């Protein structure tokens, strides 16, 4: 079995911000449940950044993510200021507040000239198929397998 196939059995892409040249000042990822996962890794990639954006990883008790949602990662350390860079944010399910099982990323303070993308990878709970909640549209090309 190829490495990519083994890896896809252990990890799932649970949320994305598709590669875009922004037309607004905010970009939002899919909302996903951490009910089946222990950890999630948010991977943000920037191509062109002409302003300073701010990444907010938000948690909430419902998928609606209404006002009052707790923000668990924010601050100067999550400011996006560099072009052609990668930013990683890890969230542990046990670090989330009681009753909150949903997560999403919101990136604010962007300009329409910014180009970004994000994928969120979570570990797959062992008793469910990895494809249950996998949003991946990945094309795996076997090279020298």
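The values are calculated or read from the model by the stated rules, or taken from the named source; none is laboratory data. This structure is a prediction, so every number in the text was calculated from the model and none was measured. Here the Cβ is made from the backbone with ideal geometry for all residues, glycine too, and neighbour counts use every protein chain on show.
Would it be correct to say that residue 98 is at pLDDT 85 or above, loosely packed, with under 15 Cβ neighbours inside 10 Å and farther than 17 Å from residue 30 by Cβ? When the stated conditions are applied, residue 98 passes them.
Candidates in region 65-90 are the residues that are part of a helix (DSSP H, G or I) and farther than 27 Å from residue 35 by Cβ; of these, the one that is modelled with the highest pLDDT is 77.
Quick one: which residue in 105, 93, 35 is at pLDDT 85 or above, over 19 Å from residue 19 (Cβ atoms) and crowded, with 16+ Cβ neighbours inside 10 Å?
Answer to the check: 93.
Flag: residue 62 matches the condition of being modelled with pLDDT of 85 or more, surrounded by 12 or more Cβ atoms within 10 Å (Cβ to Cβ) and part of a loop (DSSP other than H, G, I, E, B).
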